[in-house]
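The values are calculated or read from the model by the stated rules, or taken from the named source; none is laboratory data. Predicted model, so just to flag it, every value in this text is computed and none were measured. Cβ coordinates were reconstructed from backbone atoms using ideal geometry, including for glycine residues, and neighbour counts include every protein chain displayed. Note: areas computed on protein heavy atoms with side chains; ligands, DNA, RNA excluded. Shrake-Rupley method; radii C 1.70, N 1.55, O 1.52, S 1.80 Å.
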Number of protein chains: 2
Amino acid sequence: MFDYRLERTEGAARAGVFTTPHGDVATPAFMPVGTQGTVKGVAPDELDRMGATMVLSNTYHLYLRPGHELVAELGGLHAFMRWPGPLLTDSGGFQVFSLAASNEVREDGVVFQSHIDGSRHVFTPESVMEIERSLGADVVMAFDQCPSGGCSESEARTATERTLRWLERCRRRFHELADERAVPEQTLFPVLQGNVYDGLRREQARGFADMGEWDGWAIGGLSVGEEKPAMWRTLELLDGEIPKGRPRYLMGVGYPDDLLEAVARGCDLFDCVAPTRNARHGTAWTAAGQVNVKAARFRSDRLPLDPGCDCPACVGYDRAYIRHLFVANEMLGLRLVSLHNLRFLLRLAEQARAHILDGSFRAWSADWLERYRGTRV
Amino acid sequence: MFDYRLERTEGAARAGVFTTPHGDVATPAFMPVGTQGTVKGVAPDELDRMGATMVLSNTYHLYLRPGHELVAELGGLHAFMRWPGPLLTDSGGFQVFSLAASNEVREDGVVFQSHIDGSRHVFTPESVMEIERSLGADVVMAFDQCPSGGCSESEARTATERTLRWLERCRRRFHELADERAVPEQTLFPVLQGNVYDGLRREQARGFADMGEWDGWAIGGLSVGEEKPAMWRTLELLDGEIPKGRPRYLMGVGYPDDLLEAVARGCDLFDCVAPTRNARHGTAWTAAGQVNVKAARFRSDRLPLDPGCDCPACVGYDRAYIRHLFVANEMLGLRLVSLHNLRFLLRLAEQARAHILDGSFRAWSADWLERYRGTRV
């Protein structure tokens, strides 16, 4: 049921199709994030109309609210969040370290306090597999330990070694559950840690490969505060280590320019809350860079947010009105800029794919980045 | 350009068609409120798909933010808020008394402080006509003085007498502006005051009629805190005073049951923020009364909010998911319940109209109210 067909490459950049039980994902692709079973402010039919193919949701959040058993009782995550297409759940590994009110890492798992009510919980590789099996997304992420950017090599080593041991436990429990219960067709992606330490990254990738075959690989531990050049170097290293015939999902990326840089280095799938989070703060992406929609210069500006954009906000509304909505704290403003930023990233991935397919990715991407960064001479 | 065709009556209830330069409004009709140039959380195409024909917006709010001159510069309110259909602006008369940080009524007008920043402003009948001419809605409300529910007869008399004098000034300035400027085709509705005092109500209606012809009449000074029976009695009295051949707009109503009671007493047009304001607090209207969508009993309830409802929330989502969205403070929850409550009132007015047209309004309405109020035996 899971397959990846590599259609064409240009340098390290790849165009392909990832097949899942709920549909195909043409890659490169950006996955909108539905943290709590909803992409903030956006309805599923709007996502579909904007070209989203695969959506991500968060195990940590759904476990706390409304609870994975309830989601299962209601027919699983696809039915619950009204997303009939491909779905991916992360493992909560990132959230228990970044979001929980407190956390304590032990060999068996992580003890953490809910950021909502301070209640105490434990995630183990086994319990996370049980939760993700209950949720029923197509792609299930392994439970990993993700140290923060700027961690020492020894901290990173501890985390990669534990991530490898946890992956073995995830894999075992994931397969046991398929035998024990009537579960939907799902696949497990391992999450590579190792921060920006080349040796650890290589070791982690080889450790995962030695464990067997995977339908896809995730790259974790990046976009967590490290310097950009270190991120690019790490992706270049991993491009040589991960099997070419599987999709590579770079977690937590990203911003438009980072997405293109990562596509150039062989990544296929991306997720990030940046489109909707930026939108809520009034930041819109345009071909000429980021703009603050509340800026006084937009007061009577009748152009769309990004001239040439095909999103519902740009087709239907102008900057003056969207600025008014933000200044007046009107919900429609958040909705419109969320739609715009999501479509901006979804389209950027579509364009990258089209240019890889016709061999013009490198030139197009360089030009695009120059305009976006305002560095065109 | 403005016309009202009375199609059929059943008792005092009326079915008709109000024609405006931007389209026809089949009455009875509920007008969604776009306070700041947007119906909270709802896009214009969603309103259109749910059957809204006429929308209201607020002079007080648009004057303060973004400013009526800017709205005019941007092509007028229809263009600004992307509502190509009939539009009505209130006069700010209600807001300067109910919302402003302070207000002082003088014979020339009202001095008030903005609820946003405390800045000092003056509304006069003349300045309000200038603002409403700039906004360019089809129907423009006269600037009136609206005392609160429970005011004494002498307070109400002062207000009705001033409202009559202000109406004369509104009318003069409204027509002058048509000569001075290239303004859109608009009409001015007078706003009847008089609280629940029959003598004052009668006197006010006759004073307005003596002033000349109006394309429609508005009933103000109700739904401001008075007892319901007094409101119904006042509507019955006014039904005999207002010309039958013009639409009657009952301002600030309402809740579903109040809307039906007012239709039965000869009212044609309604507006209220209740659908969206209730939605933001998690209150949904159903055929069996109000429900709190956060109620624990909806935790795993897979029925729509109101079984049989044709709104986008009921067609696409269940109570369990909508409850989750509210418990998790997700914006999509507010959107869905706003859509539901708006469609609920829009449909209720459509149903009332259909039943008036076939002579079954009284029986249907009694049955509907029994179910809604839970008083069916």
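Ranked from shortest, the separations from the 7 Å Cα-to-Cβ label point of A:ARG202 to its equivalents in the other copies are 10.0 nm.
Only DSSP H runs of four or more residues enter the estimate; each adds -39500 (n - 2.57), and after division by the residues of chain B the mean residue ellipticity at 222 nm equals -13000 deg cm²/dmol.
Which entries in the list A:LYS40/A:LYS294; A:LYS228/B:LYS40; B:LYS228/B:LYS294; B:LYS40/B:LYS244 go over 31 Å, if you measure between the two C-alpha atoms of each?
A:LYS228/B:LYS40; B:LYS40/B:LYS244
In region B:1-151, the alpha-carbon atoms span a convex hull of 143 Å³ per residue.
3J(HN,Hα) along region B:304-313, derived from phi through the Karplus expression 6.51 cos²θ - 1.76 cosθ + 1.60 where θ = phi - 60°, amounts to x, 3, 9, x, x, 6, 9, 7, x, 6 Hz, with x in place of Gly and Pro. Inter-copy label distances for A:THR158: 7.5 nm (label point placed 7 Å from Cα along Cα→Cβ; shortest first).
Based on Cα coordinates alone, diagonalise the gyration tensor for region A:1-68, multiply each eigenvalue by 5, take square roots, and list the semi-axes in whole Å, largest first.
After diagonalising the Cα gyration tensor, the semi-axes are 27, 14, 11 Å.
Relative to one another, the C-alpha centroids of region A:303-377 and region A:54-77 are positioned 31 Å apart. Among residues of chain A, the one whose Cβ lies closest to the rotation axis carrying chain A onto chain B, together with that distance rounded to whole Å, is A:MET331, 3. Per-residue 3J(HN,Hα) values for region A:65-80, derived from phi via the Karplus relation 6.51 cos²θ - 1.76 cosθ + 1.60 with θ = phi - 60°, read 7, x, x, 5, 5, 5, 4, 5, 4, 8, x, x, 5, 4, 5, 4 Hz in sequence order (x marks Gly and Pro). In region B:87-192, Rg over Rh equals 0.98, where Rg is the alpha-carbon radius of gyration and Rh the Kirkwood radius from pairwise Cα distances. Averaged over the residues of peptide B:32-43, the number of Cβ atoms from other protein chains lying within 10 Å of each residue's Cβ is 4. Normalised by 2.2 N^0.38 Å, where N is the number of residues, the alpha-carbon radius of gyration of chain B equals 0.97.
Within region A:129-263, the percentage of alpha carbon pairs spaced more than 27 angstrom apart rounds to 19%. Taking every protein chain into account, the accessible area of region B:253-377 amounts to 36 square angstrom per residue (probe 1.4 Å).
Close amide-amide hydrogen proximity is noted between B:GLY252 and B:ASP271, each under 5 Å apart and 5 or more residues distant or on a separate chain (H modeled in the peptide plane; Pro and chain starts excluded). Report note on the peptides B:310-317, B:362-369, B:140-147: ranked by the mean count of other C-beta atoms within 10 Å, highest first, their order is B:140-147, B:310-317, B:362-369.
Could you compute the net charge surrounding A:GLY118? Neighbours are other residues with a C-beta less than 15 Å from the C-beta of A:GLY118; K and R count +1, D and E count -1.
With Lys, Arg at +1 and Asp, Glu at -1, the net is 0.
The Cα-based radius of gyration and maximum Cα-Cα distance (Dmax) for the protein assembly as shown are 30.2, 94 Å.
Summarise the long-distance tail of P(r) for region A:185-271 by giving the % of C-alpha pairs beyond 19 Å. Counting every Cα pair in region A:185-271, those more than 19 Å apart make up 30 percent. Distances between equivalent label points of B:GLY118 across the copies, with each point positioned 7 Å along Cα→Cβ, amount to 3.6 nm, shortest listed first. Inter-chain Cβ neighbour count for B:176-188, averaged per residue, equals 0 (cutoff 10 Å, partner chain atoms only). Counting, for every residue in A:72-85, the Cβ atoms of other protein chains within 10 Å of its Cβ and taking the mean gives 2.
A viscosity of 1.567 mPa s and a temperature of 4 °C, combined with the Kirkwood radius over C-alpha pairs in the Stokes-Einstein formula, give region A:260-377 a diffusion coefficient of 87 µm²/s. If you model region B:224-287 as an ellipsoid using its alpha carbon gyration tensor, with each semi-axis the square root of five times an eigenvalue, the axes come out at 24, 13, 10 Å, biggest first. Remark on chain B: B:CYS146, B:CYS151, B:CYS170, B:CYS267, B:CYS272, B:CYS311 stand apart, with no other cysteine beta carbon under 4.7 Å.
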